[in-house]
Amino acid sequence: MEDIIVKGKNYKMPFSKGILARSLTAAGLKPSIAYKISWDIYENLKKENIKEIEKSELRRRVYYYLISHNYDEIAERYLLWRVFLEKKPLTILIGGASGVGTSTIAFEIASRLGISSVIGTDSIREVMRKIISKDLVPTLYESSYTAWKVLRDFNEGDTKKLYIRGFERHAESVLVGVEGVIDRAMVEGLNLIIEGVHLVPSLLKPKYLDNPYIIFIMLTVEDEDMHKMRFYARSKISERPKERYLKHFKIIRLINDYLVDNAKKMGIPVINNVSISKTVESCLNIITDRLREVIKFEGLNEDELIDEVF
Ligand SMILES: Nc1ncnc2c1ncn2[C@@H]1O[C@H](COP(=O)(O)OP(=O)(O)OP(=O)(O)O)[C@@H](O)[C@H]1O
Ligand SMILES: O=C(O)[C@@H](CO)OP(=O)(O)O
């Protein structure tokens, strides 16, 4: 069966039901429904004996297929993603204490939105460790939950404040690298997800928090036992020993509470990461709501968006 060719600005490729289905799951459809719709659209093109179709025409057909099948909200989201994932670089920040699921959720969102750049703050920390000496910033060479041990002002303040002060010093150095990665992604027009414990809202420069195209979401696990179980689960599939995290669990929970409180103070949404699918859905809703706000802010309405996209 001869392929239908989809023609983009400067490329041609065979029609892929998988690619179309993924952009529909990104708009919030269940994978099974997304795939069925992709098939329907492919079959309709075949019936009309279409051999080659412009990408903009294909998008228009998808959009109006969704509208005609009463998927109005999905159609709007589909439209939003077309505008933003191709026109304006989005940076999504997924923060949260160790073990709450930031990397798991980051990769799930990336897969739903077709975002290929996902970087953990742990990796950025390793780069910063190559640049900054241990004598200069000893907290950088610790973990978030052990940094307090190398503070100079070790004896000041109560222990809780000490743990958090150590964490903040540890995170500040990593955030210099985080901001650099965000700057570069914006210059390159790249969509990016950054995840990790070092994303402390109040320690990020205001220009990042105020940027409408940088969307910050904080994850938590409210139930302590559930949080503990996450380390057991992870130790089965990775080299990261559960013992280390369980030994420092009390401090990890303090950091969790501090990050949740910090996020709330800075107006950043906090999601209790119990079920992966529900957490991803909540994240997509937060991202979509922001895109709607940005469209209004830019004075665009849906008709103008349709013209711009199709
Ligand atoms: N909603 C969830 N339900 C069940 N298990 C989950 C959920 N989210 C994450 N997990 C599991 O919990 C473990 C920890 O998740 P993950 O590695 O993403 O945490 P993390 O926040 O990135 O931790 P760290 O910051 O230490 O790297 C993993 O085994 C992951 O599969
Ligand atoms: O610092 C931490 O809390 C964790 C974050 O992933 O990293 P590690 O335990 O590997 O130092």
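Couple of notes before you dig in:
- Rg and Dmax of segment 5-70, Cα atoms only, in Å: 11.4, 33
- Net length gained if the chain between Lys47 and Met229 were fully extended (0.36 nm per residue, minus Cα distance): 60.3 nm
- Excluding ligands, DNA and RNA, the accessible surface per residue across segment 78-154 is 41 Å² with a 1.4 Å probe.
- When all protein chains stay in place and ligands, DNA and RNA are ignored, the 1.4 Å accessible-area order of Val118, Val187, Val100, largest first, is Val187, Val118, Val100.
- With a cut-off of 19 Å on the backbone N, the residues of segment 267-290 near the modelled label site 7 Å out from Phe107 along Cα-Cβ are 273-281, 283-284.
- In the full protein context, segment 5-70 carries 57 Å² of accessible surface per residue, based on a 1.4 Å probe and ignoring ligands, DNA and RNA.
- Those GluC sites (Glu not before Pro) in segment 134-192 that DSSP places in a loop and that have at most 15 other beta carbons within 10 Å: Glu156
- Anisotropy class of segment 141-215 from Cα gyration tensor, a/c 1.5 cut: prolate
- Rounded FRET efficiency, nearest 0.05, which uses the C-beta distance separating Tyr213 from Asp40 and R0 of 25 Å: 0.15
- Size of charge dipole - the chain - debye, nearest 20, with Cβ of Lys, Arg +1 and Asp, Glu -1, no other charges: 920
- For the options Gly166, Gly299, Gly196, a Gaussian network treatment of the chain with springs between C-alpha atoms closer than 10 Å singles out Gly299 as fluctuating the most.
- Residue order by solvent-accessible surface for Glu108, Glu281 is Glu108, Glu281, largest first, with ligands and nucleic acids left out and a 1.4 Å probe.
- Long-range amide H partners of Ile215 with built H, under 5 Å: Thr91, Ile92, Leu93
- Share of carbon and sulfur in the accessible heavy-atom surface of segment 91-298 [1.4 Å probe, %]: 54
- Whole-angstrom gap from segment 1-48 to segment 214-283, using each part's C-alpha centre: 36
- Relative pair counts by distance (%), Cα atoms of segment 91-298, 5 Å bins: 1, 7, 15, 19, 21, 17, 11, 5, 2, 1, 0
The values are calculated or read from the model by the stated rules, or taken from the named source; none is laboratory data. Predicted, not measured: the structure shown is a model, and the values here were computed from it. Note that we place each Cβ from the backbone using ideal geometry, even for glycine, and neighbour counts take in every protein chain shown. For the accessible areas, the whole protein counts, side chains as well, though only heavy atoms, and no ligand, DNA or RNA atoms are used. Shrake-Rupley method; radii C 1.70, N 1.55, O 1.52, S 1.80 Å.
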